[in-house]
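What follows is a short report on a single structure.
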Amino acid sequence: DDTLYTLTTFNSTADANAALNPVLTPAAYDVSADETLFVRVEEVASGCFIVVELNVFYSTAQYNTVADIEACDDPTNLDGREIFDLTSQEAAILGSQDPTEFTVGYFLNQSDADANTNAISTPEAFESMGETIYVRVSNSQDADCYDTGTFNLVVERCEVLVPEGFSPNNDGIDDTLSSPGIDQFTNCELKIFNRLGSVVYETRGSNYVEFAGIPNSGLNSGDGLLPTGTYFYVIKFNDPDTEDVARWVYINY
């Protein structure tokens, strides 16, 4: 009953005993570390009092900004989906914070992150077409003490791998001029030139067939394997965001 007792907060026992320098705003006391305060409980009628220690524990949680995670769309299954390990960001998100004292949760929207509900159940293997991930960093000792932030998942086209040589001898090793990832480009075209600049092979788009050393254009079209040697090839992706490729390739048997 505040008509019988008064409670006054101080920063030291000496101040509490002397009733000097009370904390002016105990209802909104700002702390930046664990701290001990002293409360003077005084009976109004008699002036008798006792001093009680009040331990204030400082809780904090911080989300440290991290880069987006990028993944290459599997050229064997171009569906725009890839598996991401969200927890690969965890150390960077926590920074200098002790991972035994903080928890990290991953969510699909801000309201779930704030409410700590509907967390992504398998962040180590999250299938994505490219979402924004909302992260909640919580203090393990005080779940209401948390911070949030975001990073993006990005599914990109794979880099097309272009070989420098191949050997079409039917040994099952590098038998064709294989360019993994090229099937991402439905309008691409490949042309092979001999040293005289004549086209000896061409293929394109949905009918793309890997070059196996047999010409399909020019005077020797369909006439067995081309001679050993260096040939020039051009891959046009016909895509405004992808640079065409022009290189030499060596055919060996």
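The values are calculated or read from the model by the stated rules, or taken from the named source; none is laboratory data. Remember, it's a predicted structure, so these values are computed and weren't measured experimentally. Cβ sites come from the backbone with ideal geometry, for glycine too, and all protein chains shown count toward neighbours. Only protein heavy atoms, including side chains, enter the accessible area calculation; ligands, DNA and RNA are left aside. Shrake-Rupley method; radii C 1.70, N 1.55, O 1.52, S 1.80 Å.
Computed quantities for the displayed model
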{"read-out": "Accessible carbon and sulfur surface of region 16-63 relative to its total accessible area, %, 1.4 Å", "value": "55"}
{"read-out": "Fraction of accessible area attributable to carbon and sulfur, region 120-253 (%, probe 1.4 Å)", "value": "45"}
{"read-out": "Computed accessible area, residue 49, all protein chains, 1.4 angstrom probe, square angstrom", "value": "80"}
{"read-out": "Simple label model, 7 Å out from Cα along Cβ direction - residue 116 to residue 20, nm", "value": "4.3"}
{"read-out": "Label zone at residue 239, where the point sits 7 Å out along the Cα-to-Cβ direction: region 147-162 residues whose backbone N lies under 18 Å", "value": "154-162"}
{"read-out": "Rough spin-label spacing in nm, given labels placed 7 Å along Cα→Cβ, for residue 140 and residue 246", "value": "6.1"}
{"read-out": "Which of 43, 159 is most accessible, then next, and so on - probe 1.4 Å", "value": "159, 43"}
{"read-out": "Whole-number percent relative contact order across the chain, with pairs defined as alpha carbons under 8 Å at least 6 apart", "value": "13"}
{"read-out": "HN-Hα J in Hz across region 135-151 - Karplus 6.51, -1.76, 1.60, θ = phi - 60°, x for Gly and Pro", "value": "10, 10, 9, 10, 6, 4, 8, 8, 4, 6, 9, 8, 9, 10, x, 9, 8"}
{"read-out": "Inter-probe distance in nm under a simple model that places probes 7 Å from Cα toward Cβ, at residue 232 and residue 129", "value": "4.4"}
{"read-out": "For region 110-178: accessible area per residue (Å², 1.4 Å)", "value": "56"}
{"read-out": "Label of the coordinate-derived value, P(r) over Cα pairs in 10 Å bins from 0, in percent, listed as (i) 7, 32, 38, 18, 3, 2, 0, 0; (ii) 6, 19, 15, 13, 13, 11, 7, 5, 5, 4, 2, 0; (iii) 8, 30, 32, 21, 8, 2, 0", "value": "(ii)"}
{"read-out": "Per-residue SASA entry for residue 183, accessible area with 1.4 Å probe, Å² rounded to 10", "value": "90"}
{"read-out": "Relative contact order of region 94-244, defined on C-alpha pairs under 8 angstrom at six or more residues apart (%)", "value": "14"}
{"read-out": "For region 102-119, 3J(HN,Hα) per residue [Karplus equation, 6.51 cos²θ - 1.76 cosθ + 1.60, θ = phi - 60°, Hz, x = Gly/Pro]", "value": "9, 10, 10, x, 10, 9, 9, 7, 5, 5, 5, 5, 5, 8, 6, 10, 6, 5"}
{"read-out": "Where no second cysteine Cβ lies under 4.7 Å, the cysteines concerned in the chain", "value": "48, 145, 188"}
{"read-out": "Förster-model FRET efficiency, 22 Å R0, residue 72 and residue 206, C-beta, rounded to 0.05", "value": "0.50"}
{"read-out": "Stretchable slack from residue 6 to residue 162, in nm (0.36 nm times residue separation minus alpha-carbon distance)", "value": "48.0 nm"}
